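What follows is one structure encoded as C-alpha coordinates, with my remarks underneath.
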Amino acid sequence: MNSLAKDSTAAAKRTGLLSNQIIINGGKPLRGRINVRGAKNLATKAMVAALLADTPSVLKDVPAISDVRVVTGMLEAYGVTVTETGDGELTLDPGNVLKAHFAKIDALAGSSRIPILFCGPLLHRLGEALIPDLGGCRIGDRPIDFHLDALRAFGAVVDKSYEGIRLTAPDGLHGADIDLPYPSVGATEQVLLTAVLARGVTELKGAAIEPEIMDLIAILQKMGAIINVEPDRVIFIEGVEKLSGYNHRALFDRNEAASWASAALATGGDIFVEGAKQQELMTFLNIFRKVGGAFDIAEDGIRFWHPGGILKPVVIETDVHPGFMTDWQQPLIVALTQAEGRSVVHETVYENRLGFTSALIEMGANIDVFEEGLESISRRVPRRPLEQAAVIIGPTPLHGADVEIPDLRGGFSHLIAALTAEGQSTVSNIGIIARGYEHFTDKLQSLGADFVYEG
Ligand code: EPU
(Lines give C-alpha, C1' and ligand atoms only; values in the text may rest on other atoms or scores of the structure.)
Protein backbone atom coordinates (compact mmCIF):
# COMPACT_ATOMS: atom_id res chain seq x y z
CA MET A 1 0.00 0.00 0.00
CA ASN A 2 1.48 3.41 -0.93
CA SER A 3 1.65 6.21 1.65
CA LEU A 4 -1.36 8.05 0.21
CA ALA A 5 -3.51 4.91 0.44
CA LYS A 6 -2.22 4.36 4.00
CA ASP A 7 -3.13 7.95 5.01
CA SER A 8 -6.50 7.54 3.38
CA THR A 9 -7.24 4.23 5.13
CA ALA A 10 -6.20 5.74 8.48
CA ALA A 11 -8.42 8.82 7.93
CA ALA A 12 -11.34 6.60 6.90
CA LYS A 13 -10.92 4.57 10.12
CA ARG A 14 -10.60 7.65 12.32
CA THR A 15 -13.88 9.06 11.04
CA GLY A 16 -15.84 5.80 10.89
CA LEU A 17 -16.24 5.69 7.08
CA LEU A 18 -17.65 2.30 6.08
CA SER A 19 -14.93 1.80 3.47
CA ASN A 20 -12.21 3.66 1.58
CA GLN A 21 -13.90 3.27 -1.81
CA ILE A 22 -17.33 4.01 -3.27
CA ILE A 23 -19.09 3.27 -6.54
CA ILE A 24 -21.12 6.18 -7.84
CA ASN A 25 -23.91 6.14 -10.39
CA GLY A 26 -23.76 9.71 -11.64
CA GLY A 27 -25.82 12.02 -13.79
CA LYS A 28 -28.35 13.00 -11.10
CA PRO A 29 -28.64 16.52 -9.70
CA LEU A 30 -27.82 16.91 -6.01
CA ARG A 31 -30.77 18.47 -4.21
CA GLY A 32 -31.49 19.16 -0.57
CA ARG A 33 -30.15 20.70 2.58
CA ILE A 34 -26.87 20.02 4.37
CA ASN A 35 -25.00 21.89 7.10
CA VAL A 36 -21.41 23.02 7.51
CA ARG A 37 -19.79 23.41 10.89
CA GLY A 38 -16.51 24.97 12.04
CA ALA A 39 -13.68 25.40 9.55
CA LYS A 40 -10.99 22.72 9.45
CA ASN A 41 -8.46 25.51 9.00
CA LEU A 42 -9.60 27.30 12.15
CA ALA A 43 -10.78 24.58 14.53
CA THR A 44 -7.47 22.70 14.42
CA LYS A 45 -5.48 25.88 15.18
CA ALA A 46 -7.89 26.91 17.93
CA MET A 47 -7.24 23.53 19.53
CA VAL A 48 -3.49 24.21 19.49
CA ALA A 49 -4.11 27.65 21.06
CA ALA A 50 -5.66 25.89 24.07
CA LEU A 51 -2.10 24.73 24.95
CA LEU A 52 -1.18 28.34 25.74
CA ALA A 53 -3.72 28.69 28.55
CA ASP A 54 -3.59 27.82 32.22
CA THR A 55 -7.30 26.95 32.37
CA PRO A 56 -9.57 24.81 30.11
CA SER A 57 -10.96 26.06 26.79
CA VAL A 58 -14.28 25.21 25.14
CA LEU A 59 -14.52 25.06 21.35
CA LYS A 60 -17.94 24.71 19.69
CA ASP A 61 -18.93 23.57 16.19
CA VAL A 62 -15.87 21.37 15.87
CA PRO A 63 -16.28 19.22 12.73
CA ALA A 64 -15.96 15.43 12.97
CA ILE A 65 -13.03 15.22 10.55
CA SER A 66 -9.79 13.31 10.58
CA ASP A 67 -7.57 16.40 10.98
CA VAL A 68 -9.39 17.22 14.24
CA ARG A 69 -8.80 13.65 15.42
CA VAL A 70 -5.08 13.97 14.59
CA VAL A 71 -4.73 17.22 16.56
CA THR A 72 -6.71 15.67 19.44
CA GLY A 73 -4.22 12.78 19.48
CA MET A 74 -1.28 15.20 19.44
CA LEU A 75 -2.71 17.28 22.30
CA GLU A 76 -3.40 14.14 24.33
CA ALA A 77 0.18 13.00 23.74
CA TYR A 78 1.25 16.28 25.39
CA GLY A 79 -0.99 15.69 28.38
CA VAL A 80 -3.94 17.90 27.37
CA THR A 81 -7.26 16.29 28.29
CA VAL A 82 -9.67 16.58 25.37
CA THR A 83 -13.28 15.75 26.22
CA GLU A 84 -16.35 15.83 23.99
CA THR A 85 -18.75 17.86 26.12
CA GLY A 86 -21.56 18.13 23.57
CA ASP A 87 -22.34 17.63 19.90
CA GLY A 88 -19.33 19.19 18.20
CA GLU A 89 -18.13 20.69 21.47
CA LEU A 90 -14.67 19.99 22.85
CA THR A 91 -13.28 20.93 26.24
CA LEU A 92 -9.49 21.13 26.21
CA ASP A 93 -7.76 21.07 29.58
CA PRO A 94 -4.04 21.93 29.47
CA GLY A 95 -3.57 21.61 33.26
CA ASN A 96 -1.01 18.82 32.97
CA VAL A 97 1.19 19.52 29.92
CA LEU A 98 4.14 17.15 29.66
CA LYS A 99 6.71 15.92 27.15
CA ALA A 100 5.29 13.47 24.63
CA HIS A 101 6.79 10.14 23.59
CA PHE A 102 8.32 10.62 20.17
CA ALA A 103 6.66 7.50 18.75
CA LYS A 104 3.22 8.85 19.67
CA ILE A 105 3.61 12.19 17.90
CA ASP A 106 5.51 10.67 15.00
CA ALA A 107 2.60 8.31 14.32
CA LEU A 108 0.21 11.26 14.09
CA ALA A 109 2.28 14.10 12.64
CA GLY A 110 2.68 12.40 9.26
CA SER A 111 -1.04 12.89 8.59
CA SER A 112 -1.30 16.66 8.91
CA ARG A 113 0.45 20.06 8.64
CA ILE A 114 -0.86 21.30 11.98
CA PRO A 115 1.95 19.87 14.20
CA ILE A 116 4.29 22.65 13.05
CA LEU A 117 2.01 25.07 14.92
CA PHE A 118 2.75 23.32 18.21
CA CYS A 119 6.27 24.85 18.19
CA GLY A 120 5.59 28.21 19.88
CA PRO A 121 3.12 26.90 22.49
CA LEU A 122 5.43 23.98 23.37
CA LEU A 123 8.46 26.25 23.66
CA HIS A 124 6.47 28.42 26.08
CA ARG A 125 5.11 25.50 28.08
CA LEU A 126 8.02 23.03 28.04
CA GLY A 127 11.04 24.97 26.77
CA GLU A 128 11.42 22.60 23.81
CA ALA A 129 9.56 21.16 20.84
CA LEU A 130 10.20 18.25 18.49
CA ILE A 131 8.55 18.24 15.09
CA PRO A 132 8.62 14.98 13.14
CA ASP A 133 8.08 14.79 9.37
CA LEU A 134 4.89 16.60 8.44
CA GLY A 135 1.98 15.42 6.34
CA GLY A 136 -0.92 17.25 4.73
CA CYS A 137 -1.98 17.31 1.10
CA ARG A 138 0.57 16.56 -1.59
CA ILE A 139 0.00 19.79 -3.46
CA GLY A 140 3.60 20.95 -3.77
CA ASP A 141 6.79 21.19 -1.77
CA ARG A 142 5.12 22.84 1.24
CA PRO A 143 8.35 23.94 2.98
CA ILE A 144 8.44 25.34 6.53
CA ASP A 145 11.23 27.92 6.07
CA PHE A 146 8.99 30.90 6.97
CA HIS A 147 7.99 29.12 10.18
CA LEU A 148 11.54 28.29 11.24
CA ASP A 149 12.89 31.77 10.37
CA ALA A 150 10.12 33.33 12.49
CA LEU A 151 10.81 31.00 15.43
CA ARG A 152 14.53 31.84 15.27
CA ALA A 153 13.63 35.56 15.36
CA PHE A 154 11.78 34.89 18.66
CA GLY A 155 14.98 33.38 20.07
CA ALA A 156 14.38 29.69 19.38
CA VAL A 157 17.33 27.49 18.50
CA VAL A 158 16.53 25.08 15.68
CA ASP A 159 18.45 21.81 15.29
CA LYS A 160 17.83 19.06 12.81
CA SER A 161 17.99 15.61 14.39
CA TYR A 162 17.37 12.16 12.94
CA GLU A 163 13.87 12.27 14.49
CA GLY A 164 12.90 15.60 12.94
CA ILE A 165 13.36 19.22 13.95
CA ARG A 166 14.24 19.98 17.57
CA LEU A 167 13.65 23.47 18.95
CA THR A 168 14.81 24.88 22.25
CA ALA A 169 14.60 28.32 23.83
CA PRO A 170 17.47 28.55 26.36
CA ASP A 171 16.66 32.19 27.22
CA GLY A 172 12.90 32.07 26.70
CA LEU A 173 11.17 33.73 23.74
CA HIS A 174 11.17 37.49 23.11
CA GLY A 175 9.18 39.74 20.76
CA ALA A 176 10.52 40.07 17.22
CA ASP A 177 10.28 42.08 14.00
CA ILE A 178 9.18 39.69 11.30
CA ASP A 179 8.59 40.44 7.64
CA LEU A 180 7.12 37.45 5.82
CA PRO A 181 8.24 37.07 2.20
CA TYR A 182 4.66 35.99 1.39
CA PRO A 183 1.44 36.25 3.47
CA SER A 184 1.55 32.60 4.48
CA VAL A 185 -1.45 31.44 6.48
CA GLY A 186 0.52 28.93 8.54
CA ALA A 187 3.49 31.23 9.22
CA THR A 188 1.13 34.03 10.35
CA GLU A 189 -0.52 31.60 12.76
CA GLN A 190 2.91 30.48 13.94
CA VAL A 191 3.84 34.09 14.75
CA LEU A 192 0.53 34.76 16.54
CA LEU A 193 0.69 31.60 18.65
CA THR A 194 4.29 32.37 19.64
CA ALA A 195 4.18 36.16 20.09
CA VAL A 196 1.23 36.23 22.50
CA LEU A 197 3.36 34.90 25.37
CA ALA A 198 6.78 36.19 24.20
CA ARG A 199 8.46 38.98 26.21
CA GLY A 200 7.89 42.37 24.58
CA VAL A 201 6.29 43.49 21.33
CA THR A 202 6.21 41.66 18.00
CA GLU A 203 5.65 43.45 14.70
CA LEU A 204 4.57 41.17 11.89
CA LYS A 205 4.66 42.55 8.35
CA GLY A 206 3.25 40.76 5.31
CA ALA A 207 0.70 38.89 7.44
CA ALA A 208 -2.08 36.71 6.05
CA ILE A 209 -5.51 38.13 6.90
CA GLU A 210 -7.77 35.21 6.01
CA PRO A 211 -11.05 35.08 8.00
CA GLU A 212 -9.73 31.98 9.82
CA ILE A 213 -6.77 34.07 11.02
CA MET A 214 -9.10 36.83 12.22
CA ASP A 215 -11.09 34.19 14.12
CA LEU A 216 -7.88 32.86 15.69
CA ILE A 217 -7.02 36.43 16.75
CA ALA A 218 -10.50 36.74 18.28
CA ILE A 219 -9.86 33.54 20.26
CA LEU A 220 -6.46 34.76 21.46
CA GLN A 221 -8.03 38.07 22.52
CA LYS A 222 -10.61 36.13 24.55
CA MET A 223 -7.67 34.37 26.21
CA GLY A 224 -6.09 37.66 27.29
CA ALA A 225 -3.78 38.49 24.34
CA ILE A 226 -3.21 42.01 23.01
CA ILE A 227 -3.18 41.96 19.21
CA ASN A 228 -3.66 44.93 16.88
CA VAL A 229 -4.39 44.38 13.21
CA GLU A 230 -3.16 47.46 11.34
CA PRO A 231 -3.59 48.45 7.69
CA ASP A 232 -1.42 46.87 4.97
CA ARG A 233 -0.99 43.40 6.49
CA VAL A 234 0.78 44.60 9.65
CA ILE A 235 -0.03 42.99 13.01
CA PHE A 236 1.32 44.14 16.40
CA ILE A 237 1.29 41.69 19.29
CA GLU A 238 2.13 42.77 22.85
CA GLY A 239 3.29 39.74 24.81
CA VAL A 240 1.43 39.05 28.07
CA GLU A 241 2.43 37.04 31.15
CA LYS A 242 -0.34 34.47 30.99
CA LEU A 243 -3.41 33.42 29.05
CA SER A 244 -6.60 31.72 30.22
CA GLY A 245 -8.94 29.33 28.43
CA TYR A 246 -11.48 30.55 25.86
CA ASN A 247 -15.08 29.76 25.02
CA HIS A 248 -15.63 30.09 21.29
CA ARG A 249 -17.81 28.95 18.39
CA ALA A 250 -15.58 28.24 15.38
CA LEU A 251 -16.05 30.20 12.17
CA PHE A 252 -17.95 28.15 9.55
CA ASP A 253 -16.00 26.22 6.92
CA ARG A 254 -16.13 28.45 3.85
CA ASN A 255 -14.10 25.96 1.80
CA GLU A 256 -16.64 23.25 2.46
CA ALA A 257 -19.50 25.64 1.66
CA ALA A 258 -17.86 26.61 -1.67
CA SER A 259 -17.37 22.92 -2.46
CA TRP A 260 -21.07 22.10 -2.02
CA ALA A 261 -22.01 25.21 -4.03
CA SER A 262 -19.84 23.94 -6.89
CA ALA A 263 -21.42 20.49 -6.55
CA ALA A 264 -24.87 22.05 -6.97
CA LEU A 265 -23.75 23.89 -10.09
CA ALA A 266 -21.88 20.99 -11.72
CA THR A 267 -24.69 18.47 -11.21
CA GLY A 268 -27.45 20.93 -12.18
CA GLY A 269 -28.78 20.74 -8.64
CA ASP A 270 -29.96 22.89 -5.75
CA ILE A 271 -28.29 22.79 -2.31
CA PHE A 272 -29.06 24.84 0.79
CA VAL A 273 -25.84 25.07 2.82
CA GLU A 274 -26.90 25.72 6.39
CA GLY A 275 -24.26 27.65 8.35
CA ALA A 276 -22.71 29.35 5.28
CA LYS A 277 -22.34 33.12 5.55
CA GLN A 278 -21.97 35.80 2.90
CA GLN A 279 -19.08 37.94 4.22
CA GLU A 280 -16.38 35.27 4.08
CA LEU A 281 -17.60 34.00 0.69
CA MET A 282 -18.01 37.30 -1.18
CA THR A 283 -15.25 36.67 -3.72
CA PHE A 284 -16.51 33.15 -4.37
CA LEU A 285 -20.10 34.37 -4.74
CA ASN A 286 -19.09 36.89 -7.41
CA ILE A 287 -17.42 34.19 -9.50
CA PHE A 288 -20.30 31.77 -8.89
CA ARG A 289 -22.69 34.42 -10.24
CA LYS A 290 -20.45 35.19 -13.24
CA VAL A 291 -20.41 31.49 -14.17
CA GLY A 292 -24.21 31.54 -14.15
CA GLY A 293 -24.95 30.01 -10.76
CA ALA A 294 -27.76 31.39 -8.60
CA PHE A 295 -27.64 31.93 -4.85
CA ASP A 296 -29.89 33.28 -2.19
CA ILE A 297 -28.60 34.43 1.17
CA ALA A 298 -30.76 33.57 4.17
CA GLU A 299 -30.17 34.13 7.87
CA ASP A 300 -29.24 30.52 8.52
CA GLY A 301 -27.32 29.73 5.34
CA ILE A 302 -27.03 30.14 1.58
CA ARG A 303 -28.99 28.33 -1.14
CA PHE A 304 -26.90 27.59 -4.26
CA TRP A 305 -28.48 26.30 -7.46
CA HIS A 306 -28.20 25.91 -11.21
CA PRO A 307 -30.96 28.11 -12.62
CA GLY A 308 -31.03 26.29 -15.97
CA GLY A 309 -29.63 27.59 -19.22
CA ILE A 310 -26.02 27.87 -20.24
CA LEU A 311 -23.10 28.28 -17.83
CA LYS A 312 -20.50 30.91 -18.79
CA PRO A 313 -16.70 30.60 -18.79
CA VAL A 314 -14.49 32.65 -16.41
CA VAL A 315 -10.86 33.58 -15.90
CA ILE A 316 -9.67 33.09 -12.32
CA GLU A 317 -6.38 33.65 -10.58
CA THR A 318 -6.03 32.17 -7.11
CA ASP A 319 -4.80 34.56 -4.44
CA VAL A 320 -4.57 35.25 -0.74
CA HIS A 321 -7.59 36.77 1.03
CA PRO A 322 -9.57 38.70 -0.08
CA GLY A 323 -8.77 37.11 -3.45
CA PHE A 324 -10.11 33.87 -4.87
CA MET A 325 -8.87 31.08 -2.59
CA THR A 326 -6.72 28.28 -3.92
CA ASP A 327 -9.04 25.80 -2.17
CA TRP A 328 -12.04 26.92 -4.23
CA GLN A 329 -10.65 26.34 -7.71
CA GLN A 330 -10.73 22.53 -7.79
CA PRO A 331 -14.48 22.01 -7.19
CA LEU A 332 -15.33 24.96 -9.41
CA ILE A 333 -13.30 23.52 -12.31
CA VAL A 334 -15.75 20.60 -12.44
CA ALA A 335 -18.61 23.08 -13.01
CA LEU A 336 -16.48 24.91 -15.60
CA THR A 337 -16.28 21.74 -17.70
CA GLN A 338 -20.02 22.36 -18.23
CA ALA A 339 -19.66 26.06 -19.18
CA GLU A 340 -19.83 27.11 -22.83
CA GLY A 341 -16.44 28.41 -23.93
CA ARG A 342 -12.91 28.70 -22.58
CA SER A 343 -12.18 29.21 -18.88
CA VAL A 344 -8.72 29.82 -17.46
CA VAL A 345 -7.74 28.96 -13.88
CA HIS A 346 -4.33 30.19 -12.85
CA GLU A 347 -3.06 28.59 -9.63
CA THR A 348 -0.54 30.94 -8.04
CA VAL A 349 -0.36 29.67 -4.44
CA TYR A 350 0.68 26.01 -4.78
CA GLU A 351 2.73 24.46 -7.56
CA ASN A 352 0.90 21.17 -7.76
CA ARG A 353 -2.77 21.85 -7.35
CA LEU A 354 -4.06 21.03 -10.80
CA GLY A 355 -2.93 17.39 -10.91
CA PHE A 356 -6.48 16.29 -10.12
CA THR A 357 -7.59 17.44 -13.60
CA SER A 358 -6.09 14.31 -15.22
CA ALA A 359 -9.01 12.27 -13.80
CA LEU A 360 -11.47 14.83 -15.18
CA ILE A 361 -9.83 14.52 -18.62
CA GLU A 362 -10.25 10.75 -18.37
CA MET A 363 -13.94 11.39 -17.73
CA GLY A 364 -14.24 13.40 -20.94
CA ALA A 365 -13.29 16.96 -19.92
CA ASN A 366 -11.26 19.12 -22.30
CA ILE A 367 -8.56 20.59 -20.03
CA ASP A 368 -5.00 21.63 -20.84
CA VAL A 369 -2.63 22.22 -17.95
CA PHE A 370 0.29 24.55 -18.60
CA GLU A 371 3.07 23.61 -16.20
CA GLU A 372 4.86 26.93 -16.44
CA GLY A 373 1.72 28.97 -15.85
CA LEU A 374 0.91 31.96 -18.01
CA GLU A 375 3.62 34.51 -18.70
CA SER A 376 1.44 37.52 -18.07
CA ILE A 377 0.75 36.62 -14.43
CA SER A 378 3.58 36.80 -11.92
CA ARG A 379 4.49 34.41 -9.14
CA ARG A 380 3.28 35.07 -5.62
CA VAL A 381 5.52 32.84 -3.51
CA PRO A 382 9.20 33.74 -3.94
CA ARG A 383 11.73 31.13 -5.03
CA ARG A 384 9.14 28.86 -6.64
CA PRO A 385 10.02 27.47 -10.04
CA LEU A 386 6.56 26.27 -10.97
CA GLU A 387 3.14 27.67 -11.42
CA GLN A 388 0.27 26.17 -13.26
CA ALA A 389 -2.64 27.25 -15.37
CA ALA A 390 -5.55 25.16 -16.57
CA VAL A 391 -7.51 26.01 -19.69
CA ILE A 392 -10.91 24.35 -19.67
CA ILE A 393 -13.03 24.20 -22.80
CA GLY A 394 -16.66 23.25 -22.41
CA PRO A 395 -19.25 22.08 -22.34
CA THR A 396 -18.18 18.46 -22.42
CA PRO A 397 -20.36 15.61 -21.18
CA LEU A 398 -18.55 13.60 -18.51
CA HIS A 399 -18.66 9.82 -18.33
CA GLY A 400 -17.87 7.50 -15.42
CA ALA A 401 -14.30 6.30 -14.73
CA ASP A 402 -12.17 4.73 -12.02
CA VAL A 403 -10.46 7.51 -10.09
CA GLU A 404 -8.03 7.57 -7.21
CA ILE A 405 -8.20 10.61 -4.97
CA PRO A 406 -4.89 12.53 -4.79
CA ASP A 407 -5.59 15.20 -2.13
CA LEU A 408 -8.41 16.81 -0.16
CA ARG A 409 -9.85 19.46 -2.50
CA GLY A 410 -8.89 17.57 -5.67
CA GLY A 411 -10.59 14.55 -4.13
CA PHE A 412 -13.85 16.36 -3.49
CA SER A 413 -13.72 17.50 -7.12
CA HIS A 414 -13.40 13.90 -8.23
CA LEU A 415 -16.52 13.11 -6.22
CA ILE A 416 -18.43 15.95 -7.88
CA ALA A 417 -17.17 14.91 -11.32
CA ALA A 418 -18.31 11.31 -10.71
CA LEU A 419 -21.71 12.59 -9.57
CA THR A 420 -21.98 14.81 -12.68
CA ALA A 421 -20.84 12.06 -15.08
CA GLU A 422 -23.26 9.69 -16.78
CA GLY A 423 -22.61 6.08 -15.78
CA GLN A 424 -20.61 4.39 -13.08
CA SER A 425 -17.41 5.58 -11.40
CA THR A 426 -15.29 3.87 -8.77
CA VAL A 427 -13.72 6.45 -6.48
CA SER A 428 -10.95 5.19 -4.19
CA ASN A 429 -9.03 6.80 -1.29
CA ILE A 430 -12.18 8.59 -0.14
CA GLY A 431 -10.67 8.62 3.38
CA ILE A 432 -8.60 11.61 2.21
CA ILE A 433 -11.87 13.57 1.89
CA ALA A 434 -12.68 12.71 5.51
CA ARG A 435 -9.63 14.81 6.49
CA GLY A 436 -11.69 17.93 5.85
CA TYR A 437 -15.33 17.15 4.98
CA GLU A 438 -17.45 16.05 7.91
CA HIS A 439 -19.93 13.18 7.30
CA PHE A 440 -19.65 13.74 3.57
CA THR A 441 -21.13 10.38 2.58
CA ASP A 442 -24.19 11.01 4.82
CA LYS A 443 -24.56 14.43 3.24
CA LEU A 444 -24.31 12.94 -0.26
CA GLN A 445 -27.00 10.44 0.68
CA SER A 446 -29.32 13.16 1.94
CA LEU A 447 -28.78 15.08 -1.33
CA GLY A 448 -29.97 12.07 -3.33
CA ALA A 449 -26.59 10.83 -4.61
CA ASP A 450 -26.65 7.25 -5.88
CA PHE A 451 -23.62 5.36 -4.50
CA VAL A 452 -22.60 2.22 -2.64
CA TYR A 453 -19.59 1.46 -0.46
CA GLU A 454 -17.16 -1.01 -1.95
CA GLY A 455 -14.68 -3.29 -0.20
N1 EPU B 1 5.25 28.43 2.00
C2 EPU B 1 6.62 28.47 1.96
N3 EPU B 1 7.29 28.40 3.16
C4 EPU B 1 6.65 28.28 4.36
C5 EPU B 1 5.24 28.26 4.38
C6 EPU B 1 4.56 28.33 3.17
O7 EPU B 1 7.22 28.57 0.89
O8 EPU B 1 7.32 28.21 5.41
C9 EPU B 1 4.49 28.45 0.73
C10 EPU B 1 3.69 27.15 0.54
O11 EPU B 1 4.49 26.10 0.07
C12 EPU B 1 2.61 27.57 -0.45
C13 EPU B 1 2.35 29.01 -0.01
O14 EPU B 1 3.48 29.44 0.76
O15 EPU B 1 3.11 27.56 -1.76
C16 EPU B 1 1.10 29.16 0.80
O17 EPU B 1 1.21 28.44 2.01
P18 EPU B 1 0.48 28.87 3.35
O19 EPU B 1 1.48 28.83 4.44
O20 EPU B 1 -0.30 30.11 3.13
O21 EPU B 1 -0.53 27.67 3.51
P22 EPU B 1 -0.67 26.65 4.70
O23 EPU B 1 -0.75 27.36 5.99
O24 EPU B 1 0.29 25.53 4.56
C25 EPU B 1 -3.27 26.80 4.70
C26 EPU B 1 -4.37 25.79 4.60
C27 EPU B 1 -4.49 25.30 3.17
C28 EPU B 1 -4.78 26.50 2.28
C29 EPU B 1 -3.66 27.54 2.43
C30 EPU B 1 -3.91 28.79 1.64
C31 EPU B 1 -4.34 24.76 6.75
C32 EPU B 1 -4.06 23.55 7.57
N33 EPU B 1 -4.07 24.66 5.47
O34 EPU B 1 -2.08 26.08 4.34
O35 EPU B 1 -5.60 24.44 3.14
O36 EPU B 1 -4.85 26.07 0.95
O37 EPU B 1 -3.54 27.89 3.82
O38 EPU B 1 -5.05 29.43 2.09
O39 EPU B 1 -4.82 25.77 7.25
C40 EPU B 1 -6.84 22.58 2.50
O41 EPU B 1 -7.66 22.91 3.38
O42 EPU B 1 -7.06 21.67 1.66
C43 EPU B 1 -5.55 23.26 2.44
C44 EPU B 1 -4.50 22.80 1.75
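The table for this structure:
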{"item": "Which listed residue is open to solvent by 50 Å² or more (accessible area, probe 1.4 Å) and under 17 Å from the mean Cα position of the chain (by Cα), from ARG14, ARG31, ARG69", "result": "ARG69"}
{"item": "Residue count, the range 409-455 (criterion: polar (S, T, N, Q), closer than 13 Å to ALA359 by Cβ and in a helix (DSSP H, G or I))", "result": "2"}
{"item": "Counted residues, the range 210-238 - those being away from the ligand (no atom under 16 Å from the Cβ) and open to solvent by 30 Å² or more (accessible area, probe 1.4 Å)", "result": "12"}
{"item": "Residue match in the range 180-192 (condition: aliphatic (A, V, I, L, M), farther than 30 Å from GLY355 by Cβ and away from the ligand (no atom under 14 Å from the Cβ))", "result": "no"}
{"item": "Counted residues, the range 266-279 - those being surrounded by 24 or more Cβ atoms within 10 Å (Cβ to Cβ) and either small (Gly, Ala, Ser) or within 22 Å of the chain's Cα centre (by Cα) (or both)", "result": "4"}
{"item": "Enumeration of residues in the range 401-428 that are crowded, with 22+ Cβ neighbours inside 10 Å, of a type in the set (Gly, Ala, Ser) and either away from the ligand (no atom under 16 Å from the Cβ) or not assigned by TED's automatic domain parsing to the domain that holds SER8 (or both)", "result": "ALA417, ALA418, ALA421, SER425"}
{"item": "Contacts under 6 angstrom Cβ, first residue in the range 112-135 being among the acidic types (Asp, Glu), partner away from the ligand (no atom under 15 Å from the Cβ), 6 or more apart", "result": "GLU128/THR168"}
{"item": "Number of positions in the range 326-362 that are open to solvent by 20 Å² or more (accessible area, probe 1.4 Å) and within 11 Å of the ligand (Cβ to nearest atom)", "result": "4"}
{"item": "Qualifying positions in the range 307-317 - closer than 18 Å to LEU281 by Cα and not in a strand (DSSP E or B)", "result": "VAL314"}
{"item": "Any hit, the range 291-299, residues being open to solvent by 20 Å² or more (accessible area, probe 1.4 Å), touching a residue at least 12 places away in the same chain (Cβ under 8 Å) and either touching a Cys at 6+ places or on another chain (Cβ under 7 Å) or in a loop (DSSP other than H, G, I, E, B) (or both)", "result": "no"}
{"item": "Options PHE412, PHE451; residue that is modelled with pLDDT of 95 or more and either over 17 Å from ILE23 (Cα atoms) or in contact with a Pro (Cβ under 7 Å, 6 or more places away or on another chain) (or both)", "result": "PHE412"}
{"item": "Complete set of residues in the range 327-360 that are among the polar types (S, T, N, Q) and in contact with a Lys or Arg (Cβ under 6 Å, 6 or more places away or on another chain)", "result": "GLN330, THR348"}
{"item": "Those residues of the range 154-166 which are open to solvent by less than 50 Å² (accessible area, probe 1.4 Å), more than 13 Å from the ligand (Cβ to nearest atom) and of a type in the set (A, V, I, L, M), in sequence order", "result": "ALA156"}
{"item": "Some residue of the range 194-201 being within 27 Å of PRO56 (Cβ to Cβ) and within 16 Å of the ligand (Cβ to nearest atom)", "result": "yes"}
{"item": "Members of the range 328-367 found to be among the acidic types (Asp, Glu) and in contact with a Gly (Cβ under 9 Å, 6 or more places away or on another chain), listed by number", "result": "GLU340, GLU347, GLU351"}
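The values are calculated or read from the model by the stated rules, or taken from the named source; none is laboratory data. These numbers come from a predicted model, not from an experiment. Here the Cβ is made from the backbone with ideal geometry for all residues, glycine too, and neighbour counts use every protein chain on show. Heads up: the accessible areas ignore ligands, DNA and RNA and are worked out on the full protein's heavy atoms, side chains in. Shrake-Rupley method; radii C 1.70, N 1.55, O 1.52, S 1.80 Å.
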